[in-house]
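The values are calculated or read from the model by the stated rules, or taken from the named source; none is laboratory data. Just so we're clear, the structure is a prediction, and the values are computed from it rather than from any experiment. Glycine gets a Cβ as well: all are built from the backbone with ideal geometry, and neighbour counts include every protein chain shown. Accessible surface is based on the protein model in full, side chains and every heavy atom, while ligands, DNA and RNA are left aside. Shrake-Rupley method; radii C 1.70, N 1.55, O 1.52, S 1.80 Å.
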Amino acid sequence: MTQFSLTEDQIAVRDMALAFAADNLAPHALEWDEKKHFPVDVMREAASLGMAAIYTRDDVGGSGMTRLDAALIFEALATGCPTVSAYLSIHNMVAWMIDRYGSDEQRQRFLPSLCTMETIGSYCLTEPGSGSDAAALKTKAVRDGDHYVVNGVKQFISGAGVSDIYVTMVRTGEEGPSGISTLVIEKDTPGLSFGALEKKMGWNAQPTRAVIFEDVRVPVDNRLAAEGMGFKIAMSGLDGGRLNIGACSLGGAQAALDKALAYANDRKAFGKRIADLQALQFKLADMATELECARTFLWRAASALDAKTPDATKLCAMAKRMATDTGFEVANQALQIHGGYGYLADYGIEKIVRDLRVHQILEGTNEIMRLIVARDLVGRGNQPR
């Protein structure tokens, strides 16, 4: 990618995802939200186009693409439904973690079916008592011969109860990040159960539950990498996850802006289209400008993550904060432009606002994103760039 443009291949990938979103997601998004339907069959169609393992290696069925490609895809899918796009982002992160940190045997065992979404993956880090402070997690895994015995609870887990595979951060050692390891836990393992479906503000097209471990015996062969590597695995996954959720915010906001433009051209007040009112034109111009700025910076951060630059983590945090704040604000302004109609479910704007609000919280709250950036700045001090 040159600094401010996409290649022909990237444009083709984005357009493919946009067409899929328009044909398969957008027409059903309101119904899925209302009925709290998890469209696994539609996601499997996306998987058949390579969108379930975008940056997983191709020897196990992955697409072998870049983080920038992924950002383009998730933004495009989110124009149809941010909720479904965000879940596909989580599934992709699960596949990538196994691909990046798993042994060849683990990769061959788990990834082919994850790439097709014959099996579905969830990511288990957050607990009732540890959200932003992920290193304080309590779910414990005690070694017993060739198994670990796992006890604890994970909270706010997308796909819980439906997913087949749970990539789970557990404590195998001392307190703090160095005592955390990563296990791949399969759904039918005895002792694994799920809490009630959470009632949420948005993201209703994917289930969210607690995941409960009661003397769950997990083979040592299901551990990714060495003991004590779990926190590193979790944090490396979050860099990409933050880009993905930022991209989902941009896609949802773009859909909201497009709806606002169409409405402004059709709606008349005071004898003219409201699109002809300069105050509204300025609002639309600001929305489009801020969205484009966030999109460009997200591409910059994605390119840094692909290149593994030293500042990639900081840039991903910056991009996540900017994209999710901008996405929510643009969607909220689009609702305002619709007036009372924006508050009605039929117009689809209030769903986007509800869906995008959580993006400012998950994958690390935006306050934590500021902390990551600030620590980098303070640590660098007055050293030359």
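A few remarks follow.
- Residues that are charged (D, E, K, R) and assigned to a strand (DSSP E or B), drawn from the stretch 196-243: ARG209, GLU214, ASP215, ARG217, ARG223
Let's see how each residue does on (1) touching a residue at least 12 places away in the same chain (Cβ under 8 Å); (2) over 16 Å from VAL358 (Cβ atoms); (3) out of contact with any Ser or Thr (no Cβ under 9 Å at 6 or more places or on another chain):
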residue: VAL184; (1), (2), (3): yes, yes, no
residue: LYS187; (1), (2), (3): yes, yes, no
residue: SER193; (1), (2), (3): yes, yes, yes
residue: GLY202; (1), (2), (3): yes, no, no
residue: PHE231; (1), (2), (3): yes, yes, no
residue: LEU250; (1), (2), (3): yes, no, no
residue: LYS259; (1), (2), (3): yes, yes, yes
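- Looking across the stretch 331-376, the residues that are under 17 Å from PHE297 (Cβ atoms) and in a helix (DSSP H, G or I) come down to HIS359, GLN360, ASN366, MET369, ARG370, ILE372, VAL373, ASP376.
- If you go through the stretch 109-149 and keep only what is modelled with pLDDT under 95 and assigned to a loop (DSSP other than H, G, I, E, B), you end up with GLY129, GLY131, SER132, ASP133.
- Some residue of the stretch 317-330 being among the hydroxyl-bearing types (Ser, Thr, Tyr) and not in a helix (DSSP H, G or I): no
- Some residue of the stretch 350-362 being surrounded by 18 or more Cβ atoms within 10 Å (Cβ to Cβ), under 19 Å from ASP239 (Cβ atoms) and not aliphatic (A, V, I, L, M): yes
- Looking only at the stretch 130-157, and only at residues there that are open to solvent by 40 Å² or more (accessible area, probe 1.4 Å) and touching a helix residue (DSSP H, G or I) at 6+ places or on another chain (Cβ under 7 Å), the one that is nearest to ALA210 (Cα to Cα): SER132
- Positions within the stretch 210-227 being of a type in the set (A, V, I, L, M), touching a residue at least 60 places away in the same chain (Cβ under 8 Å) and exposed (fewer than 15 other Cβ atoms within 10 Å of the Cβ), in sequence order: VAL220
- Residues that are of a type in the set (S, T, N, Q) and touching a strand residue (DSSP E or B) at 6+ places or on another chain (Cβ under 6 Å) were ranked within the stretch 124-142; the one that is nearest to LEU238 (Cα to Cα) is THR126.
- Candidates SER181, SER113: the one that is within 21 Å of the chain's Cα centre (by Cα) and open to solvent by less than 40 Å² (accessible area, probe 1.4 Å) is SER113.
- The single residue among GLY228, GLY159, GLY176, GLY145 that is more than 26 Å from ALA71 (Cβ to Cβ) and in contact with a strand residue (DSSP E or B) (Cβ under 8 Å, 6 or more places away or on another chain) turns out to be GLY228.
- Of all residues in the stretch 228-250, those satisfying the criterion of being open to solvent by 20 Å² or more (accessible area, probe 1.4 Å) and within 16 Å of LEU137 (Cα to Cα) are GLY228, MET229, PHE231, LYS232, MET235.
- Flag if GLY173 is in contact (Cβ under 8 Å) with a residue 40 or more places away in the chain and open to solvent by less than 30 Å² (accessible area, probe 1.4 Å): no
- Whether a residue is over 24 Å from the mean Cα position of the chain (by Cα) and crowded, with 23+ Cβ neighbours inside 10 Å was assessed, and TYR166 does not pass this test.
- Only one of the listed residues (ASN366, ASN332) is open to solvent by 50 Å² or more (accessible area, probe 1.4 Å), polar (S, T, N, Q) and either out of contact with any Gly (no Cβ under 6 Å at 6 or more places or on another chain) or touching a residue at least 24 places away in the same chain (Cβ under 8 Å) (or both). That residue is ASN332.
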